Amino acid sequence: HDVLLDRDFELPCDLLVLTSGYTGDETVNELKGQLKVSSDSEGFFQERHIKLGPLDFPTSGISLCGCARSPKTLKESCEEAVGAAMRASIPMKNGFIEAEGIVAEIDRSLCNDCGLCWKRCPYNAIELDEEKHPRVIKALCKGCGLCAADCPKECITIVHYSDDQILAQIKAALEDSPEEKIIAFVCHWCALGGVDMAGVSRLQYPTNARLIRVMCSARVSIKMIRHAFELGAAGVLVAGCEFPTCHYISGNYAAETRIKRAKRILAKNGFEPDRLWNVWCSAADGPKFASTMRDMVRELGLGEGGN
Ligand code: SF4
Ligand code: SF4
């Protein structure tokens with residue numbers, strides 16, 4: 001098939017040699033670190049979302065097209081290149097970009113300049129000012145909350161998802177019969193989609209879960225998990241996007257590492273680490289969420305009530 005002419009044709013030949021498959025190369029890894037973008041295991045860059053942002057990186061202002069994303073024909077690459085150029089032209093034409101309403105804010109009076117937030121932000125949205133103090137670049141911040149959950153001085157607030165707001169939700173959820181309740185932190189993107197899917201599919205699962213929505217599983221701090229157990233929660237579940245599709249590039253990886261740390265800290269403080277669970281699912285994974293809830297209730301020895 002001639003992709004340019006969009007026509008089938010016959011080519012008489014004695015020998016047919018197929019080209020070898022495309023793979024990415026090592027420059028992907030180098031660029032990935034510099035631009036703070038993600039790639040897949042085949043060495044291709046990964047788009048923001050296969051349907052909602054196929055030509056965008058999660059990092060604002062950088063687009064991708066053609067074989068940078070996956071093996072493509074010349075025609076497909078050209079079409080995507082036009083699309084990517086159009087995407088790039090929008091902020092250039094407007095002369096401004098719209099920032100997220102959910103962003104990080106640093107209370108400089110409490111900060112000890114440890115640099116953790118600056119190093120860990122997946123979007124390079126924290127810079128050091130002239131005096132080497134961290135400063136949030138609000139136009140780049142996506143509000144994932146990773147920095148706030150990791151900050152040792154607890155001096156980063158995520159607008160609309162502050163520690164106080166989330167801790168208050170945990171407290172309210174555990175007011176009655178906490179020993180029957182599971183606090184389930186669900187990320188806004190895939191995990192909440194999975195919960196919705198379980199609902200619209202009318203899947204049956206125990207009602208013990210009390211959902212607390214966070215933008216990313218990386219927003220869930222050890223303090224929040226511990227707070228739930230201190231208030232008597234039967235279990236805590238952290239649910240996020242499956243690997244490697246985190247909406248915030250690497251939030252689920254950070255969450256997974258933190259959950260392992262949280263288990264060690266819980267054990268040292270006399271809590272049962274096995275009561276802390278996690279699940280990584282896609283927005284279509286309603287059955288996975290429902291079965292996780294059933295498994296948790298069974299393993300934790302709970303009644304299927306919790307109303
Ligand atoms: S992680 Fe917290 S204490 Fe450390 S530099 Fe960032 S804001 Fe300051
Ligand atoms: S909330 Fe996320 S994107 Fe914003 S500064 Fe913190 S780590 Fe970076």
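Hey, among the residues in the stretch 264-303 that are closer than 11 Å to residue 235 by Cα and part of a strand (DSSP E or B), which one's least open to solvent (accessible area, probe 1.4 Å)? Per the stated criteria, the residue is 276.
With the structure loaded, tell me whether residue 100 is more than 16 Å from ligand 1 (Cβ to nearest atom) and at pLDDT 90 or above or whether it fails that test. Show your work before the answer.
On the way: more than 16 Å from ligand 1 (Cβ to nearest atom): yes; at pLDDT 90 or above: no.
So residue 100 fails the test.
Of the listed requirements (1) buried (at least 17 other Cβ atoms within 10 Å of the Cβ); (2) not in a loop (DSSP other than H, G, I, E, B), residue 248 misses just one: (2).
Residues that are β-branched (Val, Ile, Thr), within 16 Å of ligand 1 (Cβ to nearest atom) and assigned to a loop (DSSP other than H, G, I, E, B) do occur in the stretch 130-138. Scanning the stretch 188-230 for residues that are under 16 Å from the mean Cα position of the chain (by Cα) and within 16 Å of ligand 1 (Cβ to nearest atom) yields 218, 219, 221. Just checking, does the stretch 87-94 include any residue being in contact (Cβ under 8 Å) with a residue 24 or more places away in the chain, among the β-branched types (Val, Ile, Thr) and within 27 Å of residue 137 (Cα to Cα)? The answer is no; no qualifying residue exists. Candidates are the residues of the stretch 87-109 that are more than 16 Å from ligand 2 (Cβ to nearest atom) and open to solvent by 90 Å² or more (accessible area, probe 1.4 Å); the one that is nearest to residue 148 (Cα to Cα) is 109. In the condition set (1) in a strand (DSSP E or B); (2) out of contact with any strand residue (DSSP E or B) (no Cβ under 9 Å at 6 or more places or on another chain), residue 238 is compliant with all but (2).
For (1) closer than 19 Å to residue 111 by Cβ; (2) open to solvent by less than 20 Å² (accessible area, probe 1.4 Å); (3) modelled with pLDDT under 95, each residue gets a yes or a no:
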site	(1), (2), (3)
136	yes, no, no
159	yes, no, no
168	no, no, no
185	no, yes, no
199	no, no, yes
210	no, no, no
224	no, yes, no
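What residue, among those in the stretch 119-129 that are touching a residue at least 60 places away in the same chain (Cβ under 8 Å) and open to solvent by 60 Å² or more (accessible area, probe 1.4 Å), is nearest to ligand 1 (Cβ to nearest atom)? Checking each candidate, the answer is 120.
How many residues does the stretch 139-173 hold that are under 19 Å from the mean Cα position of the chain (by Cα) and in a helix (DSSP H, G or I)? Result for the stretch 139-173: 7.
The values are calculated or read from the model by the stated rules, or taken from the named source; none is laboratory data. Please read these numbers as outputs of a predicted model, since none were measured by experiment. All Cβ positions, glycine included, derive from the backbone under ideal geometry; neighbour counts span all protein chains shown. Side chains are part of the model used for accessible areas, which takes the heavy atoms of the whole protein and leaves out ligands, DNA and RNA. Shrake-Rupley method; radii C 1.70, N 1.55, O 1.52, S 1.80 Å.
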